[in-house]
């Protein structure tokens, strides 16, 4: 095998690929099963955006907190939430991460530092400021990461949180996952100052834009930003330009896209293909090793789906259970 | 035919990791539009009535158009038009460097007399790759701005206007620039990639492109510069603080850097500004002049090629890399010379008012 030219060791590269492949497989399965009518509620798929969650989360530990969005499955998987518990939750089963009462948009696992997907747009940002303030007061070098889409970045909660984080010099990273569309409205029609870096600058913090389909670009930039926050350097904003392979929600006909747009981005901007081609070309990882992971991940998702479907639904008595939680 | 000036304004320059690892500037979109309005006013004052602009979705053009509308609203009452008409190249927008390449080529074909460029070294490099003999007037709105000179954009606009309207002789108005051509032959399949740099080519040991910027000096190995200027930021500063080489001299400088960036016997340690606000110690093994037209084959066996401060290509032991400096590769507007000529020849002075003989 050739000398490894990448900033991660082979085991870490395999872990990154496995995480990204798990997210992709998870979402592809939901895409199929949702269309069958097997899944209650709504699902918003992260397929196409895997490099962003994975490149960032590789720098975090369970003590670090993240606050996610309505499109949260990728963040959960990359942060280490159990795939079986996630699938059961999405199927509304009592074995789910939130005992089947949250569904896709409320998956949380505090033991992993995952404060929850969130059905309210822009609601993760204030939550993460609280978590980051706690980490700062405790002095445990924990950091908080919040994700927001290009659309939800226009919410007052997000802008207020930028201000709060800057004023209190909190260890927060605001990640703008810019997939170009707020539901169906193109970013250039909806974001007033045109650049997220400009927004960060306006609040007195640095902002950085990276190609969110390039795992190494996200990994390297996120590493520097997270290290800075951990060392007391304060908040920053990271804009990841990325693409989503499916609609805003499952069932979205995507009539707002140009003809051939989806085919083009799937062909040229698939972050999984970009990563795998790079590591194979460099001679660090063999195609057979990646294919072995693909098979394992496929079996994992198959098993998680089977287990979720077989698991019991919550019973009426569960309705008032876990409403209040003591920390 | 009245001269038309082309404009390439990059909305995505000055956005990389050097805002975090250093204290690089984040010039806002509204400021870039403001700069452009100043340039447009100066061009119009020199008689340029039409400009052709690269389309982008980053917001610059929208802000400029708003500025033009407001000015026309004000100016209409005075019967004045203080800006040229703004036309846009008809092409799809991808939001990548391909837009700069394509827009520049289209403008060259459309016969523009000069190209005003807003961006850093990377944007200017993209324009220089396609501009042919059309002169560039550069305005620094990037991170490391070694190539475009720092100057009030109104003056750059004035000089460009005076140059393209023929009021300053071409031998004064325009100057020649150097570049370094990079050739990378893939050892596996024989495919050749050619690239170029306007200021510097740095060979570093990192073999991934990642966040592109250069700041880990321990990975620097070899450096090739077209000009070595102690007054700029980045790789050119390293060379410039060893042996200055001017933009108007033939040839450049090649610098070999110490493998671990530390000080050993026979190694010179240099404290250099490698990014805005970022001083770093680099170990220098030796340096020598890089004559024009001579192909240099680097010693570094594998790593990345950084062009004008950004990692662009990676190469392995199998590949063949060579670098050749070219004199007189493309032209720029010599703003200082134009403005000096304008002052000496009263180019912006009106006809003197007659003076009565009797006081």
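The values are calculated or read from the model by the stated rules, or taken from the named source; none is laboratory data. Everything numeric here is computed off the predicted structure, so don't read it as measured data. Glycine also receives a Cβ, built like all others from the backbone with ideal geometry; neighbour counts cover every protein chain displayed.
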Check on residue B:47, within 9 Å of chain A (Cβ to nearest Cβ), assigned to a loop (DSSP other than H, G, I, E, B) and closer than 25 Å to residue B:105 by Cα: no
Looking only at the range B:24-33, and only at residues there that are more than 8 Å from chain A (Cβ to nearest Cβ) and in a loop (DSSP other than H, G, I, E, B), the one that is farthest from residue B:233 (Cα to Cα): B:27
Where residue A:210 falls short, out of the listed (1) assigned to a helix (DSSP H, G or I); (2) in contact with a helix residue (DSSP H, G or I) (Cβ under 6 Å, 6 or more places away or on another chain): (1)
Filtered residues of the range A:103-139 (kept if surrounded by 20 or more Cβ atoms within 10 Å (Cβ to Cβ), over 25 Å from residue A:58 (Cα atoms) and without any contact (Cβ under 8 Å) to a residue 60 or more places away in the chain): none
Test: residue in the range A:17-25 that is crowded, with 24+ Cβ neighbours inside 10 Å, under 19 Å from residue A:238 (Cβ atoms) and touching a residue at least 60 places away in the same chain (Cβ under 8 Å): yes
So residue A:272, is it buried (at least 19 other Cβ atoms within 10 Å of the Cβ), within 12 Å of chain B (Cβ to nearest Cβ) and outside any loop (DSSP other than H, G, I, E, B): no
Unique residue being surrounded by fewer than 15 Cβ atoms within 10 Å (Cβ to Cβ), part of a helix (DSSP H, G or I), in contact (Cβ under 8 Å) with a residue 60 or more places away in the chain and out of contact with any helix residue (DSSP H, G or I) (no Cβ under 9 Å at 6 or more places or on another chain) when the list is A:318, A:322, A:303, A:288: A:318
Residue satisfying condition, being free of Cβ contacts under 8 Å to residues at least 60 places away in the same chain and either more than 16 Å from residue B:32 (Cα to Cα) or surrounded by fewer than 24 Cβ atoms within 10 Å (Cβ to Cβ) (or both), within set B:149, B:130: B:130
Count of the range B:152-173 residues which are crowded, with 21+ Cβ neighbours inside 10 Å and within 21 Å of the chain's Cα centre (by Cα): 11
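In this structure, does residue B:229 turn out to be away from chain A (no Cβ under 14 Å), within 23 Å of residue B:284 (Cα to Cα) and either touching a helix residue (DSSP H, G or I) at 6+ places or on another chain (Cβ under 8 Å) or surrounded by fewer than 21 Cβ atoms within 10 Å (Cβ to Cβ) (or both)?
Numbers: away from chain A (no Cβ under 14 Å): yes; within 23 Å of residue B:284 (Cα to Cα): yes; either touching a helix residue (DSSP H, G or I) at 6+ places or on another chain (Cβ under 8 Å) or surrounded by fewer than 21 Cβ atoms within 10 Å (Cβ to Cβ) (or both): yes.
Yes.
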Hits in the range B:205-239 - residues which are more than 24 Å from residue B:19 (Cβ to Cβ) and without any contact (Cβ under 8 Å) to a residue 24 or more places away in the chain: B:230
Tally of residues being in a loop (DSSP other than H, G, I, E, B) and surrounded by 14 or more Cβ atoms within 10 Å (Cβ to Cβ) across the range B:321-349: 2
Any hit, the range B:258-265, residues being in contact with a helix residue (DSSP H, G or I) (Cβ under 9 Å, 6 or more places away or on another chain), crowded, with 18+ Cβ neighbours inside 10 Å and part of a strand (DSSP E or B): no
Members of the range B:196-226 that are away from chain A (no Cβ under 14 Å), in a loop (DSSP other than H, G, I, E, B) and touching a helix residue (DSSP H, G or I) at 6+ places or on another chain (Cβ under 7 Å): B:198, B:199
Filtered residue count, the range A:171-209, keeping only those that are at the interface with chain B (Cβ under 7 Å from one of its Cβ atoms) and either at pLDDT 95 or above or under 13 Å from residue A:235 (Cβ atoms) (or both): 4
Qualifying position, being more than 29 Å from residue B:208 (Cα to Cα) and crowded, with 23+ Cβ neighbours inside 10 Å, among A:67, A:78: A:67
